[in-house]
Amino acid sequence: MNENEHNFEELKKLLKLKQHEVPPPGYFNNFSGQVVSRIRAGEAGGAQTYVERLQSEAPWVINLLRIFETRPGLIGGFATSLCLLLVLVVVFADRSDVASKNLLTVSDPSATMGSSVASMPVPSLVAASDSSGIVASTNPVTSLQPVATLFGQPASGSLFQPAGFAPASQ
Amino acid sequence: MIMSEPVPIVDASMPAGMLEGDLVRRARKGDLDAYDELVKRYQQRIYATIYHMTSNHEDANDLAQDAFIKAYSALKSFKGGSTFYTWLYRIAVNKTINFLKQRKNKHHYSLNDLDFNTENNPDLVALISEKTPVREAGLTELQKKLNEALMKLSEPHRMVVVLHDVQGQSHEEIAEIMDCNIGTVRSRLFYARQQLQSYLSEYAKPA
């Protein structure tokens, strides 16, 4: 390295010339004043511009834009991948919608319970209820709503009546 | 009776007599007088670095002011992990390199005049004396050639040469400013000098 340093002696002397390049006389007298007045003007004017704020808060956006500036081909690639992502999101959203509907149809408690209850014999106690109309029951109360089917048509013969329990007459 | 040397009286309450850390603390709280003092302390070095990188006085003026304004607005994020001077330098260096990248290879020279002491520098006089093969070249011509050669270097290589060979910064300081290791600084410096030597072969021949 010393040998190399020695070899660059002439160059280093030449580079000393740069130290003699000076700005116009009195240039630095006003420099700090200009900086401070620009800061004051910025503060009075409502602080930073949008770009400056973006640069301080999300510098990665600015970096991304700079990369796009230098490589325009990347913009196309980025836009294509964004579109693909959007399409995928839409497709998957549709699918998950259908799947959840199917799941709802299958797991609808009223539907399953209704069908099982419908196949059960109606307790004779209902028939035996007295005319007072006071009915007590420990069976789950089901509505008279028709069971929902796949195409929204009410299934015939699947209407339910509340099962009642009448206290046994003395 | 022995007269002691006069001791300069430093008023610590005045910005000019304050330590850098105190000035930074006050500037962070919005004290523009303190920041004005910080600008005065570093304006020449910051300006010179940018000027040597751009070879353009107007660009250097704008970039130096922008660097100081950016530093002021970012003072709250200054953690004190390095000196304010190094941190400020880093802002100026990044701003300059970004500017040069945007400008690409379009160089507009606006060179400052050489000061009166140039002709008293024996090394430089020797370069343009009758003993040299380029005796007809004046200092101004030499200045132009030197700037053109520097502008042929890539920004990181030019920056290392400017900071080390022109500004006199140490390898360690440059590594901190440029956020790289010392080995990188040394290798960049060596390569940049080699390049410069080949561009300026008629002036600077290896010993």
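The values are calculated or read from the model by the stated rules, or taken from the named source; none is laboratory data. From a predicted model like this one, the values you see are computed outputs, not experimental measurements. Cβ: placed from backbone, ideal geometry, glycine included. Neighbour counts: every protein chain shown. To get the accessible areas, we keep the full protein, side chains included, count just its heavy atoms, and leave off ligands, DNA and RNA. Shrake-Rupley method; radii C 1.70, N 1.55, O 1.52, S 1.80 Å.
Of the residues in segment B:180-205, those shielded by at least 10 Å² of accessible area once partner protein chains are present, compared with the chain alone at a 1.4 Å probe, are B:R186, B:F190, B:R193, B:L196, B:Q197, B:L200, B:Y203, B:A204, B:K205. Hull volume per residue, based on the alpha-carbon atoms of chain B and their convex hull, is 188 Å³. Chains A and B together bury some 4200 Å² of accessible area, summed over both sides, with a 1.4 Å probe. Of the chymotrypsin sites (Phe, Trp or Tyr not before Pro) in segment B:90-123, which ones lie in a loop per DSSP and count no more than 16 other C-beta atoms within 10 Å? When the chymotrypsin sites (Phe, Trp or Tyr not before Pro) of segment B:90-123 are filtered for loop state and at most 16 Cβ neighbours within 10 Å, B:Y109 remain. Amide H contacts under 5 Å for B:N56: B:S110, restricted to partners 5 or more places along the chain or on a different chain, H placed in the peptide plane at 1.01 Å from N.
Once the Cβ-Cβ distance of A:R38 and A:S100 is raised to the sixth power relative to R0 = 45 Å, the FRET efficiency obtained is 0.15. Relative to one another, the C-alpha centroids of segment B:45-79 and segment B:146-207 are positioned 20 Å apart. Compute the label zone of B:K104 within segment B:147-173: residues whose backbone N is under 17 Å from the point 7 Å along Cα-to-Cβ. What the label zone holds, given the 17 Å backbone N cut-off, is B:152, B:154-155. Counting only GluC sites (Glu not before Pro) that DSSP places in a loop and that have at most 12 other Cβ atoms within 10 Å, the longest clean stretch of chain B runs over B:1-129. One quarter of the convex hull surface built on the alpha carbon atoms of segment B:135-207 amounts to 5.2 nm², the projected area averaged over directions. Spin-label model, A:L85 to A:V51: label points 7 Å out along the Cα-to-beta-carbon direction sit 2.5 nm apart. Rounded to whole numbers, the Karplus 3J(HN,Hα) couplings from phi for segment A:79-84 are 5, 4, 5, 5, 4, 4 Hz, using 6.51 cos²θ - 1.76 cosθ + 1.60 with θ = phi - 60°, and x at Gly and Pro. A full extension of the chain between B:D31 and B:S187 corresponds to an added length of 52.0 nm, given 0.36 nm per residue minus the alpha carbon distance.
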